[in-house]
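Following: one structure in structure tokens, then a few remarks.
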Amino acid sequence: MRTRNLGGRYFITEECDGCGLCVACAPDNVVPSWDGSHCVVAHQPANAREADELHDAEMACPLACLHRESAPRRSAAGGSDRAMRPAEYARRLP
């Protein structure tokens, strides 16, 4: 069983072979799995420096396994995982 990424915009796919380039680029956010077979995003970026390091890791990955979603992830029920702001709610009304 593979270790999972921490939820959020950055994630590493199943194709990861654990080469460790992403860990070298973004050591505060990416860690190897317990057996070294793959890497996972353990912490989402907390500041601009960490976001830049994750971007560098994304560009360095030879298998293109590290990704950043452009929009927040949706829950299985189809709703957003964050609270909807009143203005967003009003725009969705008929």
Candidate set from the range 5-32 (those that are part of a loop (DSSP other than H, G, I, E, B) and touching an Asp or Glu at 6+ places or on another chain (Cβ under 6 Å)); member that is farthest from C65 (Cα to Cα): D28
Count of residues meeting criterion [polar (S, T, N, Q) and surrounded by 15 or more Cβ atoms within 10 Å (Cβ to Cβ)] in the range 4-32: 2
Count of residues meeting criterion [surrounded by fewer than 18 Cβ atoms within 10 Å (Cβ to Cβ) and either touching a residue at least 40 places away in the same chain (Cβ under 8 Å) or outside any helix (DSSP H, G or I) (or both)] in the range 33-57: 10
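Throughout, read-outs are computed from the coordinates displayed, never taken from laboratory work. Just so it is clear, the structure is predicted and the values come from calculations on it, not from any experiment. Positions of Cβ are generated from backbone atoms using ideal geometry, with glycine treated the same way; all protein chains shown enter the neighbour counts.
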